[in-house]
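Everything on this sheet refers to the single structure shown next.
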Amino acid sequence: MIRVSHLTKNYGKRQAIDDLTFNVGKGEIVGFLGPNGAGKTTTMRILTTYLPPTSGAVEIGGYDIFDHSLEIRQIIGYLPETVALYPDMTVSEFLLFMAKLRHIHNASARVNQVIELVKLGDRANGYIGKLSKGMCQRLGLAQALLHEPEVLILDEPTIGLDPVQIIEVRNLIREIGRDHTVLLSTHILSEAQQVCDRVLIINKGKIVAEDTREGLQNRLMGTQRVLLKVRGEAEEIVPLIASMTGIISVACKEDDTLEIETNSNDGMCPQIARIVVNAGYDLLSLQPSSMSLEEIFIQLTRDEPELPTFEDNISN
């Protein structure tokens, strides 16, 4: 549904996104992760035809953003980071107004459908200015779904919500994702972990990883992590383990467990076990440990992005 090829956007001398290439298939929920200022919002504004790229190509539903921007707007629903709402309107009035702007037939019936879909039925006649942040996000999703789009583009949909509201919006996105292609921008790792089928990680305008969560873990297991526990003082054995070929680092945790990082994806557990036992220590446990999505994210984006300028904040 979404095909992005060599996409680049410059703001003067600053390059916001640099040669991005990725695809989002029909029916996928794909997470677009990155630190603040990495280029996520710029990319989404280009995909929604709000912003022209400097170079590159984008196709959505077979339409090119340069030649068929109006057709693309008809098949995408967009939830920006900050939803533009009218506080003096009721929920139903606002959605009916948006439906008429989109020339939706049977507008009243469709408004009632999306109100039920996003579970705002008990607030339909309430004023928007009285809604909580979470309810406003639901209303933003409702307006994005009014015209029954094939593709949903959601920019930081849970930003500023409390924990309960976050869970509610995530559940709603999962439900919507059964019938739509969804590209979801976020810097909240647990969001991608719980909602998305696949993850794109962007840093300093470049994609640094693209895979499922499990796939990312497997790719980064070239540096394997092993947890070791022995009887007695664990710190005494640190120099012995650290001297082994293939060991990158050894750290002693608070519970006297040694966390060992190796540069082998074949596993060094047998060699480590032999060293420990031959040195006269009782081996209590030895097991490989997978990396969490948070650790993967930190490893892939460990270079701190430059502090944005005032102009950067405006453009991104």
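Please treat every number below as a calculation from the coordinates, not as lab data. Note that this is a predicted model, so its numbers are computed, not measured. Here the Cβ is made from the backbone with ideal geometry for all residues, glycine too, and neighbour counts use every protein chain on show.
Observations, loosely collected:
- Principal-axis analysis of the Cα atoms of the chain puts helix 107-117 at an angle of about 20° to the longest axis.
- With both residues required to sit in the chain, DSSP beta bridges show an antiparallel share near 65%.
- Extension gain, Lys130 back to Glu210 (0.36 nm per residue minus Cα-Cα distance, nm): 24.7 nm
- Compared with the dominant Cα axis of the chain, that is its longest principal axis, helix 133-145 is turned about 70°.
- The chain: angle of helix 269-278 to the longest principal axis, Cα-based, in degrees nearest 10: 30
- Here the gap between Asp256 and Asp122, fully extended at 0.36 nm per residue and compared with their Cα-Cα distance, gives a gain of 42.8 nm.
- Listed options for volume of the Cα convex hull per residue in Å³ are [x] 121; [y] 167; [z] 290. The value calculated from this structure is the one marked [y].
- Label-to-label distance, nm, for residues given as Lys26 and Ala279 (7 Å Cα→Cβ offset): 5.8
- Set of lysines with alpha-carbon distance to Lys119 below 19 Å, sequence-local pairs under 8 removed: Lys130, Lys133
- Beta bridges by DSSP in the stretch 94-212, antiparallel share as percent, to the nearest 5: 50
- Computed lengthening from Glu150 to Asp197, 0.36 nm per intervening residue step minus Cα-Cα distance: 15.2 nm
- Mean-position separation - Cα centroids, the stretch 57-112 and the stretch 1-51, in angstrom: 20
- Per residue of the chain, the DSSP helices (runs of n ≥ 4 H) give a summed -39500 (n - 2.57) that works out to -9500 deg cm²/dmol at 222 nm.
- Cα centroid separation, the stretch 118-192 to the stretch 237-253 (Å): 47
- Straight-line cross-link reach from Lys206 at under 24 Å between alpha-carbon atoms covers these lysines, not counting any fewer than eight positions away in the same chain: Lys9, Lys13, Lys26, Lys40.
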